[in-house]
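What follows is one structure encoded as structure tokens, with my remarks underneath.
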Amino acid sequence: MDFALTEEQSAIFDMAYGFGQDAIAPHARTWEAQGTIPKELWPQVGELGFGGLYVSEESGGAGLGRLDATLVFEALSMACPSVAAFLSIHNMCARMIDSFASDDFKARVLPDVLTMQTVLSYCLTEPGSGSDAVALKTRAERTNEGYALNGTKAFISGGGYSDAYVCMVRTGDAGAGGVSTVYVEDGTEGLSFGALEDKMGWRSQPTAQVQFDNCNISADNLIGEEGKGFKYAMMGLDGGRLNIAACSLGAAQTALTSTLNYMGERKAFGQPIDQFQGLQWRLADMEIELQAARVFLRQAAWKLDQGAPDATKFCAMAKKFVTEAGSKVVDQCLQLHGGYGYLADYGIEKLVRDLRVHQILEGTNEIMRVIVARDMLKNR
Ligand SMILES: Cc1cc2nc3c(=O)[nH]c(=O)nc-3n(C[C@H](O)[C@H](O)[C@H](O)COP(=O)(O)OP(=O)(O)OC[C@H]3O[C@@H](n4cnc5c(N)ncnc54)[C@H](O)[C@@H]3O)c2cc1C
């Protein structure tokens with residue numbers, strides 16, 4: 001058993017960290033205020049190979065493992081978890097395409113996806129179905145040329161911003177076997193977007209409904225096989241959950257590091273506040289929590305890389321544990337900054353807001369417990 005990162009993994013982390021600090025961190029608050037991430041950022045991200053982190057090398061991707069990818073998201077979220085998490089969604093879609101689409105489709109779409117000239121959104125949730133995703137109703141009716149889509153996707157990160165949408169739609173009967181995955185390019189007739197959602201955090205990412213009104217797409221835009229879309233969507237989520245957890249971890253680590261420094265400078269009752277033993281214990285508790293979170297996350301990622309039979313359970317456990325640990329830590333960090341923690345200039349309150357949603361999406365943390373408990377009951 002070896003818990004150390006390899007030299008290559010350390011280099012991946014350092015590269016992502018350096019890029020985040022140079023190209024993202026200085027602008028994170030401005031982008032949050034503007035409610036958008038400049039499109040020009042993405043080709044720079046693509047140049048680093050981060051547009052297809054776990055797209056295979058044969059398809060032109062970086063061919064990294066899941067553990068390697070969590071390092072990228074941990075490091076980038078030290079600059080801004082909202083930007084890092086957005087990249088995770090693009091990568092989840094890229095992986096689905098690489099894993100399941102035909103060679104012709106890959107040849108057509110992947111080159112621009114990898115360079116991030118094409119930014120992708122993942123469309124599963126609907127106004128009436130979130131946790132119970134399989135209840136989705138957006139229909140794709142067969143036409144002579146392909147499919148006519150009708151319905152609405154809700155809460156879509158990048159809705160109205162992305163260049164293409166990977167959508168789970170109903171081509172058959174109720175249930176998972178009636179779901180297929182289709183690719184809808186921006187600008188397709190019948191594709192429109194709702195108003196921008198006004199959110200607590202992740203404010204630099206545009207979020208909107210994606211609407212289909214007799215939106216006709218070619219049959220070539222079907223990804224993989226009809227009726228397998230729900231399976232594809234779920235396979236993407238294991239890795240997505242790891243990435244979201246990594247985003248919580250990196251952001252919480254940044255908050256802890258800056259809190260440690262702040263506590264050495266801030267004085268109360270004639271001494272730096274880091275000299276109060278009660279506060280030192282809180283620092284220690286946060287350190288313990290984040291170190292445990294990191295090990296657990298990397299173990300889950302390793303299991304996914306190995307194709308371990310309990311990988312899905314471990315991804316769910318890690319997502320639940322790490323996102324809750326991350327939120328607890330950033331909230332404590334805000335508290336230890338006193339009133340200054342509540343001011344945007346100190347950078348902590350944004351992290352409290354950004355990390356909160358990690359307990360809700362990629363499957364809520366209640367659903368993570370459902371996955372874990374189901375596995376326990378099955379195997380007792
Ligand atoms: C900022 C943001 C960005 C998002 N981006 C995307 C995106 O890009 N693409 C996408 O497809 N979706 C996206 N989502 C949607 C997200 O995945 C859903 O919000 C999430 O899955 C929960 O669904 P819901 O909101 O419908 O809640 P519901 O499913 O209605 O759940 C309500 C509550 O009931 C609980 N609950 C539900 N079922 C059970 C159960 N069986 N046992 C116990 N508790 C249960 C839930 O945990 C929750 O607490 C995004 C959401 C947000 C907020």
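The values are calculated or read from the model by the stated rules, or taken from the named source; none is laboratory data. As the structure is a prediction and not an experimental result, all values here were calculated from the model. Here Cβ is always computed from backbone atoms with ideal geometry, including for glycine, and neighbour counts include all displayed protein chains. All accessible areas refer to the heavy atoms of the entire protein, side chains included, with ligands and DNA or RNA removed. Shrake-Rupley method; radii C 1.70, N 1.55, O 1.52, S 1.80 Å.
Just a few scattered comments:
- Verdict on residue 376 being in a helix (DSSP H, G or I) and open to solvent by 50 Å² or more (accessible area, probe 1.4 Å): yes
- Residue list for segment 102-114, filter: surrounded by 15 or more Cβ atoms within 10 Å (Cβ to Cβ) and either part of a loop (DSSP other than H, G, I, E, B) or in contact with a Phe, Trp or Tyr (Cβ under 8 Å, 6 or more places away or on another chain) (or both): 105, 109
- Considering residues of segment 39-73 that are buried (at least 20 other Cβ atoms within 10 Å of the Cβ) and among the hydroxyl-bearing types (Ser, Thr, Tyr) only, the residue farthest from the chain's Cα centre (by Cα): 59
- Any hit, segment 236-247, residues being modelled with pLDDT of 95 or more, of a type in the set (Lys, Arg), within 16 Å of the ligand (Cβ to nearest atom) and under 30 Å from residue 299 (Cβ atoms): yes
- Among the residues making up segment 115-132, a single one is part of a loop (DSSP other than H, G, I, E, B), within 8 Å of the ligand (Cβ to nearest atom) and either among the aliphatic types (A, V, I, L, M) or open to solvent by less than 40 Å² (accessible area, probe 1.4 Å) (or both): 124.
- Odd one out for residue 36, checked against (1) open to solvent by 60 Å² or more (accessible area, probe 1.4 Å); (2) assigned to a loop (DSSP other than H, G, I, E, B): (1)
- Here residue 84 qualifies as part of a helix (DSSP H, G or I), of a type in the set (A, V, I, L, M, F, W, C), within 16 Å of the ligand (Cβ to nearest atom) and crowded, with 24+ Cβ neighbours inside 10 Å.
- Close pairs (8 angstrom Cβ cut-off, 6 or more residues apart or separate chains): more than 22 Å from residue 359 (Cα to Cα) in segment 327-345, crowded, with 22+ Cβ neighbours inside 10 Å and of a type in the set (S, T, N, Q) anywhere: 336/259; 337/259
- Only one entry in 295, 370 is open to solvent by 30 Å² or more (accessible area, probe 1.4 Å) and either of a type in the set (Lys, Arg) or within 16 Å of the ligand (Cβ to nearest atom) (or both), namely 370.
- Residues that are of a type outside the set (S, T, N, Q) and not in a helix (DSSP H, G or I) occur at least once in segment 333-342.
- Number of the exception - residue 210 against (1) closer than 30 Å to residue 107 by Cα; (2) open to solvent by less than 30 Å² (accessible area, probe 1.4 Å); (3) in a helix (DSSP H, G or I): (3)
- Output for segment 242-261, where each listed residue is open to solvent by 20 Å² or more (accessible area, probe 1.4 Å) and in contact with an Asp or Glu (Cβ under 8 Å, 6 or more places away or on another chain): 253, 260
- Scanning segment 136-168 for residues that are open to solvent by 20 Å² or more (accessible area, probe 1.4 Å) and more than 28 Å from residue 115 (Cα to Cα) gives 137, 139, 141, 142, 143, 144, 145, 150, 151, 152.
- Taken together, the residues in segment 261-298 that are among the aliphatic types (A, V, I, L, M), over 25 Å from residue 359 (Cβ atoms) and in a helix (DSSP H, G or I) amount to 3.
- Matching residues, segment 169-182, being open to solvent by 10 Å² or more (accessible area, probe 1.4 Å) and in contact (Cβ under 8 Å) with a residue 40 or more places away in the chain: 171, 172, 175, 176, 177
- For segment 343-364, the set of residues classified as surrounded by fewer than 16 Cβ atoms within 10 Å (Cβ to Cβ) and either in a helix (DSSP H, G or I) or away from the ligand (no atom under 16 Å from the Cβ) (or both) consists of 343, 344, 345, listed by residue number.
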